[in-house]
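J.: Below you'll find the structure I mean.
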Amino acid sequence: MMLDYYHQNQKLQKIIDQSIDGLKIFGASFAIRKGKDTWRGCAGNLTNDQPFFIASTTKLFTTTLIF
């Protein structure tokens with residue numbers, strides 16, 4: 001079971017790492033929650049515990065999703 005978790009973690013982290021191009025996207029932070037389990041990953045210039053600000057266009061997108 002632990003080995004499967006390790007491989008799943010590696011796959012998800014690889015996806016995030018590939019999203020960083022250093023030209024337009026300098027960092028990415030993701031969290032996935034299923035039941036009591038939470039997976040967190042980050043890449044580029046962000047860390048799991050680093051606060052960050054959401055840009056205005058992202059706020060509009062997020063508001064649209066909520067409503």
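J.: Over the Cα atoms of the chain, compute the convex hull volume and normalise it per residue, giving Å³. Let's see the in-between values first.
T.: On the way: hull volume 7.9 nm³, N = 67.
In the chain, the Cα hull volume divided by residue count equals 119 Å³.
J.: Can you tell me the length gained on complete extension of the stretch Gln18 to Thr62, counting 0.36 nm per residue apart and subtracting the Cα distance?
T.: Here the answer is 13.5 nm.
J.: I would also like to ask the following. Where in the stretch 3-67 are there trypsin sites (Lys or Arg not before Pro) that are in a DSSP coil and have at most 11 other Cβ atoms within 10 angstrom of their Cβ?
T.: Loop-located and lightly packed - Lys24, Lys36.
J.: For Lys36 and Lys11, FRET efficiency with R0 = 25 Å and r from the beta-carbon atoms, rounded to 0.05?
T.: Efficiency, rounded to the nearest 0.05: 0.75.
J.: For the charge dipole of the chain, defined by +1 on Lys and Arg C-beta atoms and -1 on Asp and Glu C-beta atoms about the Cα centroid, which residue among Gln8, Leu65, Leu23 has the Cα displaced farthest towards the positive pole?
T.: Final value for the positive-end residue is Leu65.
J.: On a 0 to 90° scale, report how tilted helix 56-66 is relative to the longest principal axis of the chain, with both axes built from alpha carbons and the result rounded to the nearest 10.
T.: Between helix and principal axis, roughly 70 degrees.
A short reminder: the numbers here are calculations on the coordinates, not readings from a lab. The structure presented is a predicted model; accordingly, all values stated were derived computationally and were not measured. All Cβ positions, glycine included, derive from the backbone under ideal geometry; neighbour counts span all protein chains shown.
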